[in-house]
Amino acid sequence: MSPRPDAETRANAIKRFQDLKQARDKAQEAAEQAKQAADEVMWQSIAAELDAGNALQADVVEATGFSRDHVLRRTKKHRKNT
């Protein structure tokens, strides 16, 4: 059986674990923000295509696999010709 670490060694390890968790949390938050930004760009672009008359909502549904209702809800705030 391995020997138990002393209190200082354990405290240092706990600090490293806390630092690792904090770095992980920051990375996950950055990834979530990037995902939200990418979603916003996608829905704005889709709405612009629909407004320009380049496609139908059914085309978006076919290409993305989202439901018509989902496409409507996500593009509604970006549409000019609703």
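Values computed for the structure shown
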| quantity | calculated |
| --- | --- |
| List Phe66, Phe17, ordered by accessible area with a 1.4 Å probe, largest first | Phe17, Phe66 |
| In degrees, nearest ten, helix 7-52 long axis to first principal axis of the chain (Cα) | 0 |
| Surface accessible to a 1.4 Å probe, per residue, for the residues of the chain, Å² | 82 |
| Accessible-area order (highest first, 1.4 angstrom probe) of the listed residues Met1, Met42 | Met1, Met42 |
| Solvent-accessible surface (1.4 angstrom probe) belonging to Lys77, in square angstrom, nearest 10 | 150 |
| Solvent-accessible area, 1.4 Å probe, carbon plus sulfur percent, for the chain | 54 |
| Spread of Cα-to-Cα distances over 10 Å intervals beginning at zero, given as percent, for the chain | 16, 28, 15, 13, 11, 11, 6, 0 |
| Loop-located GluC sites (Glu not before Pro) in segment 1-61 whose Cβ has at most 10 other Cβ within 10 Å (DSSP) | none |
| Assigned charges on the beta-carbon of Lys, Arg, Asp, Glu; the chain dipole about Cα centre (debye) | 300 |
| Cβ-defined net charge surrounding Ala55, 12 Å radius [Lys, Arg +1; Asp, Glu -1] | -4 |
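The values are calculated or read from the model by the stated rules, or taken from the named source; none is laboratory data. Keep in mind it's a predicted model, so treat the numbers as computed, not measured. Cβ: placed from backbone, ideal geometry, glycine included. Neighbour counts: every protein chain shown. Side chains included, ligands, DNA and RNA excluded: accessible areas come from the protein's heavy atoms. Shrake-Rupley method; radii C 1.70, N 1.55, O 1.52, S 1.80 Å.
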